[in-house]
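Structure record follows, encoded as structure tokens.
Bear in mind these aren't lab numbers, they're just calculated from the coordinates by the rules spelled out. The structure presented is a predicted model; accordingly, all values stated were derived computationally and were not measured. Because the Cβ atoms are built from the backbone with ideal geometry, glycine has one as well, and the counts that use them run over all protein chains shown.
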Amino acid sequence: MQKISVDALPRVVLDHIAAHNNHDPDAFMATLAPDALVNDAKREFLGHPAIRAWAEKEIFGDNVTLQIESAFEHFGGTIVRCRVDGDFDKAKLPDPLILTYYFAVQGSVITQLIVLLNSQAAF
């Protein structure tokens, strides 16, 4: 695993994070392959219709924003740790809330994204 700078992140990953922060569902969906798989907290969403429904409620409905804390490359994948904020219930969550985003990118689109709240970081 190799730590990388934010500037070294794939353009599509930066665009994906910007879509969160700009509250832009169309730009968000444009970063994902039509048959992409998103796994958020052990819940799977396959393809644009399912991902859009999830994102409309849990990202854009809750005004979620991401601030990059660190980024890594690992066997062709991209791992980004982000400080997450928004209008969601934070009562049982750590403060600050740091989620790890595991991106698989092919060409100019994200084909798989796994989002986890890790209890311990390996790196």
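Annotations
- The trypsin sites (Lys or Arg not before Pro) of region 40-123 that meet both conditions, a loop assignment by DSSP and at most 13 other Cβ atoms within 10 Å of the site Cβ, are 42, 90, 92.
- Along its principal axes, region 2-116 has C-alpha extents of 35, 31, 26 angstrom, given from the largest down.
- Only Cα pairs under 8 Å and 6+ residues apart enter the sum, and on that basis the relative contact order of region 2-116 stands at 29 percent.
- Distance between the 7 Å Cα→Cβ label points at residue 7 and residue 46: 4.1 nm.
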